[in-house]
Amino acid sequence: MDVKIISNSIISSMDSTKKIDKIYKMVKDGSLVILEGRLTNEEELALTSKSLKHVNETFSGIDIAFLNVKHNSSFFDRLRFKLATFLLKYEVGITVIGPSKKVKELKMNPEQIEILLFNQ
């Protein structure tokens, strides 16, 4: 299985449709995609909907997991971070998207993502 890591600078320059199409194609081709940052709720929904429309014997859909960065700092540091996130339209974190057929188990907690893959 290939692992594709995509930086936010590449993905943020695309509109939502192109972003979804790019990610969908990579996952459909069997790659595990790791994105710097998060998709919006609407983009996650669109990606999930698109994958559900194309489920067949060879493609069983996608699994999505994400980590957000938590800041346990002062009120002003958190406010500054939220303002920067809003202005840059970029949420700090990591998103992992993979084909359901190859993901055996996916565990998320606030500090880590564990992915157990089928050995194929």
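The values are calculated or read from the model by the stated rules, or taken from the named source; none is laboratory data. The shown structure was predicted, so the numbers you read here are calculated from the model rather than taken from an experiment. For neighbour counting, all protein chains shown are included, and Cβ atoms are generated from backbone atoms with ideal geometry for every residue, glycine included.
What to note about this one:
- Set 33, 27: member being under 19 Å from residue 103 (Cα atoms), part of a strand (DSSP E or B), in contact (Cβ under 8 Å) with a residue 24 or more places away in the chain and in contact with a Gly (Cβ under 8 Å, 6 or more places away or on another chain): 33
- Subset of region 18-67 that is among the basic types (Lys, Arg) and farther than 15 Å from residue 1 by Cβ - its residue that is modelled with the lowest pLDDT: 38
- Residues (touching a Leu at 6+ places or on another chain (Cβ under 8 Å) and within 11 Å of residue 95 (Cα to Cα)) located in region 24-41: 32, 39
- Note on region 52-68: residues that are small (Gly, Ala, Ser) and part of a strand (DSSP E or B) total 1.
- If you filter region 35-47 down to residues that are buried (at least 18 other Cβ atoms within 10 Å of the Cβ) and within 11 Å of the chain's Cα centre (by Cα), you find that the one that is farthest from residue 86 (Cα to Cα) is 47.
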